[in-house]
Structure formats: structure tokens, C-alpha cells
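S.K.: Okay, handing you the structure first.
The values are calculated or read from the model by the stated rules, or taken from the named source; none is laboratory data. Because the structure is a prediction, the values reported are computed rather than measured. Reconstructed Cβ throughout: ideal geometry from the backbone, glycine too, with neighbour counts over all protein chains shown.
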Amino acid sequence: MVTLTELFERNRGWAADMKARDPDFFLRLSQQQAPEYLWIGCSDSRVPATQIVDLLPGEIFVHRNIANLVVHSDLNCLSVLQFAVEVLQVKHIIVCGHYGCGGIKAALENQKHGLIDHWLQYIRDIYRNHQVVLESLMEEPARYRLLSEINVMEQVWNVCQSDFVQNAWGSGRGLSVHGWIYDISDGLLKDLDVTVSNRAESVAIRRRI
Ligand code: CO
């Protein structure tokens, strides 16, 4: 039987370390979570939400999938979105993509990958809708980078179109949707400057994508 003993040892060390720094840390967290942020990011192991913005457990509600997609029929993502907006009442939703995304790259290859090809079809559709601008870039890496950015913007739009976000704006609640991209080669985040805080701004963003 394989038990991953090393990970349990690391866990005990981490918990002791956290407790040494803040004796009430776990007690406080066990009573409630009140994160201000919902993070929708890629499953890529190199893009751990809480760590790259240097926050602590309890501060970000997280949903991750391959290539950070927000699909209107994805019950998992929609449930996270609804819970975050209506129950936790987060103030910010961050869609974060990253350069060097395997999902983006795989979507543009002709190779078959099995089940995941159905998921990647959403990225192929985005590519088709932006084919002219993408193919005006001669270098493949630049094309991947731009597609990663456009993908984030499209997902920001999808978040804005959800009932939960529309209802929050309708009731006058302060809720912003942000589009960011992370560079795994230097650990830095870039704001794609597509922040939307109300219905009018979401229409303006649609025109820019
Ligand atoms: Co990725």
C-alpha cells in the first residue's frame, strides 16, 4: 500500500508552522470563511491561486479547470460562481489565465487527445472567432500568448453574462470581474485591463474583444 507518508509529514510541519505564527489561525478559519475573492484559474500545477498573490487560506474561493474556462452548461463552475456571489458575497471575481498553457497549445494542435478534445473545443471556437488577428502574428509563441489573453477576456464576458452576476449588479451590489494573466517564466501577474463593475461596462468590454 502506498501512503504518501512524506506529504503527511509536510502537512504536520506546515500546520505547526502556521500555528506558531498565529495560534488562533485554524480556530478562526474553522468558524467561518469570508473570502473577498473568487479565483477562476487553470488547473496547471504552476499557477496556485493563493500562493501567487501571497494570501492565506481563507482569503480566496477557488475554481480551477483546464484553460480557465467558464462554460454556461458547466454545472461545477456555475455552482461555484453562484455560491461565491450569492452566499459568500465576494467582491471580486478574478479570471486568471497564464502564458504557456498546455490547454491552449493542445487546442491548436491537430493531434487527438481523447475526451479533453471536447473541452478544448471551446478554445478552438474562440480561435476561429479571432482568427484574423491571431494569424496576423507570424510567430507561434506570440499567437499562443495572444490567444491566452483573448481567452481570459472571453471568460470574463461569460462570467458577466451569468444570472448571478447580472442579479448582483441589478440589486446595486459592488461586484467587479477582472481578467488577469500570469507569466510562469517570472511569477508575475498582468492585469489585462478588462475590469467590469456593472452592466454598462460589460457591454463596453464586449466591443473590445
Ligand atoms: Co493552463
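S.K.: If the Cβ limit is 9 Å and pairs must be 6+ apart or interchain, which residue in segment 117-143 that is outside any helix (DSSP H, G or I) pairs with which residue that is surrounded by 11 or more Cβ atoms within 10 Å (Cβ to Cβ)?
M.R.: Taking only residues 6 or more apart or on different chains, the pairs are HIS130/LEU146; HIS130/LEU147; HIS130/ILE150; HIS130/GLU154; HIS130/ILE209; LEU137/ARG143; LEU137/ARG145; LEU137/LEU146.
S.K.: Here's another thing I want to ask about it. Name the residues in segment 19-55 that are without any contact (Cβ under 8 Å) to a residue 24 or more places away in the chain, within 27 Å of HIS98 (Cβ to Cβ) and not polar (S, T, N, Q), would you?
M.R.: PRO48, ASP54, LEU55
S.K.: Go through the residues of segment 72-95 one by one and say whether even a single one is within 16 Å of the ligand (Cβ to nearest atom), in contact with a helix residue (DSSP H, G or I) (Cβ under 7 Å, 6 or more places away or on another chain), farther than 30 Å from MET18 by Cβ and not β-branched (Val, Ile, Thr).
M.R.: Quick first cut of segment 72-95, residues within 16 Å of the ligand (Cβ to nearest atom) only: 77, 94-95.
If we keep only those that are in contact with a helix residue (DSSP H, G or I) (Cβ under 7 Å, 6 or more places away or on another chain) as well, we get 95.
Within this subset, residues satisfying the condition of being farther than 30 Å from MET18 by Cβ are none.
No, there is no match, as no residue in segment 72-95 is within 16 Å of the ligand (Cβ to nearest atom), in contact with a helix residue (DSSP H, G or I) (Cβ under 7 Å, 6 or more places away or on another chain), farther than 30 Å from MET18 by Cβ and not β-branched (Val, Ile, Thr).
S.K.: Among strands (runs of 3 or more DSSP E) lying entirely in segment 1-101, which contain 1 or more residues that are polar (S, T, N, Q), closer than 30 Å to ASP125 by Cβ and in contact with a Gly (Cβ under 9 Å, 6 or more places away or on another chain)?
M.R.: Values: elements: 37-42, 60-65, 92-98.
Hits in segment 1-101: 60-65.
S.K.: For LEU88, indicate whether it is in contact (Cβ under 8 Å) with a residue 40 or more places away in the chain, closer than 27 Å to SER171 by Cβ and surrounded by 23 or more Cβ atoms within 10 Å (Cβ to Cβ). Step through it out loud before you land on a result.
M.R.: Details: in contact (Cβ under 8 Å) with a residue 40 or more places away in the chain: yes; closer than 27 Å to SER171 by Cβ: yes; surrounded by 23 or more Cβ atoms within 10 Å (Cβ to Cβ): no.
It is false that LEU88 is in contact (Cβ under 8 Å) with a residue 40 or more places away in the chain, closer than 27 Å to SER171 by Cβ and surrounded by 23 or more Cβ atoms within 10 Å (Cβ to Cβ).
S.K.: Does at least one position in segment 23-44 carry a residue that is exposed (fewer than 15 other Cβ atoms within 10 Å of the Cβ), modelled with pLDDT of 95 or more, within 16 Å of the ligand (Cβ to nearest atom) and within 18 Å of LEU189 (Cβ to Cβ)?
M.R.: Yes; the residues of segment 23-44 include at least one that is exposed (fewer than 15 other Cβ atoms within 10 Å of the Cβ), modelled with pLDDT of 95 or more, within 16 Å of the ligand (Cβ to nearest atom) and within 18 Å of LEU189 (Cβ to Cβ).
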